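To start, the structure itself, in structure tokens.
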Amino acid sequence: MAPARMSKIEEATRVVLAFNEAFNRHDVPGMMELMSEDCLFENTAPAPDGTVYRGKETVTQFWQEFFRKSPQAHIEIEEIFGMGFHCVMRWRYEWVDASGEKGHVRGVDIFKLRDGLICEKLSYVKG
């Protein structure tokens, strides 16, 4: 496969890795510069269907509030793979609650990209 074509196939993975790096820095502007204006984020809570956030402004507000409530939030990537405009990331999300207790949950995100930006992020957790 030609290097230019391979580069295009790997694009989604590179963008998602950059998004996760910004997440772990709690850098909301850095995260949002990787998302499209009409982005859609489907959160894991509340079960069973989660909440859908649409549009850059709404998603930005979600992340700002999320990091305010979870200042220790961190995602460790367990596995990531992409093909074309899609990327799947299996992760372990870790936090420290208000009483100092550590916690974690494992899950997966399914990303869709358009024009080099994340336009859809669907999040799922294990049980």
Next item on the list: Using the heavy atoms of the protein chains and a 1.4 angstrom probe, tell me the accessible area per residue for the chain in square angstrom.
Entry: 60 Å²
Notebook entry, point to check: What does the accessible area of residue 51 come to, in Å² to the nearest 10, when a probe of 1.4 Å is used?
Noted result: 40 Å²
Next item on the list: Using only Cα atoms, find the angle between the long axis of helix 3-25 and the longest principal axis of the chain, and express it within 0 to 90 degrees, rounded to the nearest 10.
Entry: 20 degrees
Item checked: Directionally averaged projected area (convex hull, Cα atoms, the chain), nm² -> 7.9 nm²
Next item on the list: With everything on Cα atoms, drop me the angle between helix 56-69 and the longest principal axis of the chain, reported from 0 to 90° to the nearest 10.
Entry: 40 degrees
Next item on the list: For residue 36, enumerate residues with amide H under 5 Å from its amide H, sequence gap 5+ or separate chain, H modeled in the peptide plane.
Entry: 118, 119
Next item on the list: When a/c is below 1.5 the answer is rounded, else prolate if a/b is larger than b/c, else oblate, so apply that to segment 58-116 with a ≥ b ≥ c taken from the square roots of the Cα gyration tensor eigenvalues.
Entry: oblate
Next item on the list: Give the relative contact order (percent, whole number) for the chain; include only Cα pairs under 8 Å separated by 6+ residues.
Entry: 27 percent
Notebook entry, point to check: So, with +1 on the Cβ of K and R and -1 on the Cβ of D and E, and no other charges, what is the size of the charge dipole of the chain about its Cα centre, to the nearest 20 debye?
Noted result: 180 debye
Item checked: Sulfur and carbon atoms: percent of accessible area, segment 23-127 [1.4 Å] -> 52 percent
Next item on the list: Enumerate the residues in segment 46-85 having an amide nitrogen under 17 Å from the point lying 7 Å beyond the Cα of residue 115 toward its Cβ.
Entry: 55-57, 85
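The values are calculated or read from the model by the stated rules, or taken from the named source; none is laboratory data. Predicted model only: the values in this text are computed from it and were never measured. All Cβ positions, glycine included, derive from the backbone under ideal geometry; neighbour counts span all protein chains shown. The area values use the complete protein model at the heavy-atom level, side chains included, leaving out ligands, DNA and RNA. Shrake-Rupley method; radii C 1.70, N 1.55, O 1.52, S 1.80 Å.
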